[in-house]
């Protein structure tokens with residue numbers, strides 16, 4: 001005789017099997033790059049009341065309540081750390097920065113604020129906001145370039161320029177904005193979107209939100225003077241790194257800017273340091289001359305020196321020809337990030353003579369009587 005399961009016991013089992021089937025279909029959709037079925041629009045109307053408030057008096061005026069169809073999360077939390085904030089700066093290291101605290105501190109982090117924007121249209125889209133204030137404009141711009149270049153080759157970056165604040169950059173789901181002593185970081189997320197849709201949504205949402213916040217940030221829009229001295233010819237997009245102290249990682253050399261170039265089939269870098277007067281610039285040259293292996297470069301209409309870093313074994317050998325023109329110190333150096341010559345994008349290195357000639361041409365306008 002066949003036994004039949006009572007209907008009262010069969011119903012829970014049927015429900016469980018249906019749930020497991022739905023979960024499997026959802027997992028399969030994710031594996032195939034498709035977005036799973038959208039959830040109920042729980043956040044629909046979240047911005048109907050004009051968005052939430054920013055519960056930090058020190059930065060409340062820096063964030064528009066509504067922008068690009070997104071608003072400050074009415075149910076979110078504003079967290080502030082550092083100067084004139086309820087939490088000490090040390091707390092941001094533990095709660096927000098995830099092991100990157102020393103990078104921020106190196107550039108003079110003084111204050112940080114975090115909050116979130118949500119989509120007023122009811123999707124699961126969110127934008128996490130981190131606004132960092134540094135002790136100086138130079139420190140902030142240095143951190144911005146550290147974020148953008150990130151010790152990698154700008155010739156292979158996936159970032160694009162962004163018109164926001166004093167300088168901006170846009171990645172697939174992140175945006176960076178610099179202005180004055182602030183750096184803004186925006187991160188778009190939506191766990192209901194497949195990768196292609198996620199990137200498209202970020203490209204639609206982040207630029208206007210970055211521009212809206214960047215317009216409210218205080219401080220100068222002008223770049224540090226050393227950056228303005230760098231030559232534009234052949235310079236890679238977003239190819240600038242600024243060190244607010246110890247340029248070229250030489251202790252005591254002071255602040256300086258480096259640009260990355262690909263020009264005429266060669267890869268190289270340029271260096272610019274600007275000091276208050278000629279005497280201070282001469283001190284920079286004296287520091288360079290004291291480096292091991294440094295030698296005077298003849299044949300230029302200004303004092304110049306050749307210095308090299310790296311032994312070519314444990315670290316790439318990088319040679320610079322550097323000269324002083326008034327209160328500015330300018331240089332042309334090798335590109336250690338360029339890959340072997342088999343890679344067409346790598347280009348070829350410049351000889352010492354070629355560096356000197358490019359330096360002469362770059363400095364020529366400044367040396368005219």
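When the residues of segment 278-288 are narrowed to those that are out of contact with any strand residue (DSSP E or B) (no Cβ under 7 Å at 6 or more places or on another chain), farther than 17 Å from residue 224 by Cβ and in contact (Cβ under 8 Å) with a residue 12 or more places away in the chain, which ends up surrounded by the fewest Cβ atoms within 10 Å (Cβ to Cβ)?
So the residue we want is 278.
Out of everything in segment 83-132 that is crowded, with 19+ Cβ neighbours inside 10 Å and assigned to a helix (DSSP H, G or I), what residue ends up being modelled with the highest pLDDT?
Ranking the candidates gives 104 first.
Between 74, 64, which is buried (at least 18 other Cβ atoms within 10 Å of the Cβ) and outside any strand (DSSP E or B)?
Criteria check complete, one pass: 64.
Looking at the structure I just gave you, is residue 310 at pLDDT 80 or above, under 23 Å from residue 235 (Cα atoms) and in the same structural domain as residue 270 (by TED's automatic domain parsing)?
no
For segment 186-206, which positions are within 25 Å of residue 141 (Cβ to Cβ) and touching a residue at least 60 places away in the same chain (Cβ under 8 Å)?
Answer for segment 186-206, where residues must be within 25 Å of residue 141 (Cβ to Cβ) and touching a residue at least 60 places away in the same chain (Cβ under 8 Å): 187, 188, 206.
Taking segment 154-170 on its own, how many of its residues are over 10 Å from residue 214 (Cβ atoms) and surrounded by fewer than 19 Cβ atoms within 10 Å (Cβ to Cβ)?
5
Does segment 235-253 contain at least one residue that is farther than 17 Å from residue 134 by Cβ, under 16 Å from the mean Cα position of the chain (by Cα) and surrounded by fewer than 18 Cβ atoms within 10 Å (Cβ to Cβ)?
Yes, because at least one residue in segment 235-253 is farther than 17 Å from residue 134 by Cβ, under 16 Å from the mean Cα position of the chain (by Cα) and surrounded by fewer than 18 Cβ atoms within 10 Å (Cβ to Cβ).
Do we find a residue being within 20 Å of the chain's Cα centre (by Cα) and at positive phi anywhere in segment 268-291?
The answer is no, given that none of the residues of segment 268-291 is within 20 Å of the chain's Cα centre (by Cα) and at positive phi.
Scanning for something assigned to a loop (DSSP other than H, G, I, E, B), at pLDDT below 95 and not assigned by TED's automatic domain parsing to the domain that holds residue 137, does segment 260-269 turn up at least one residue?
For segment 260-269, residues assigned to a loop (DSSP other than H, G, I, E, B), at pLDDT below 95 and not assigned by TED's automatic domain parsing to the domain that holds residue 137: present.
Let me confirm something: among 292, 256, 323, 299, which residue is farther than 19 Å from residue 149 by Cβ and surrounded by 14 or more Cβ atoms within 10 Å (Cβ to Cβ)?
So the residue among 292, 256, 323, 299 that is farther than 19 Å from residue 149 by Cβ and surrounded by 14 or more Cβ atoms within 10 Å (Cβ to Cβ) is 323.
The values are calculated or read from the model by the stated rules, or taken from the named source; none is laboratory data. From a predicted model like this one, the values you see are computed outputs, not experimental measurements. In this analysis, Cβ positions are derived from the backbone assuming ideal geometry, glycine residues included, and neighbour counts consider all displayed protein chains.
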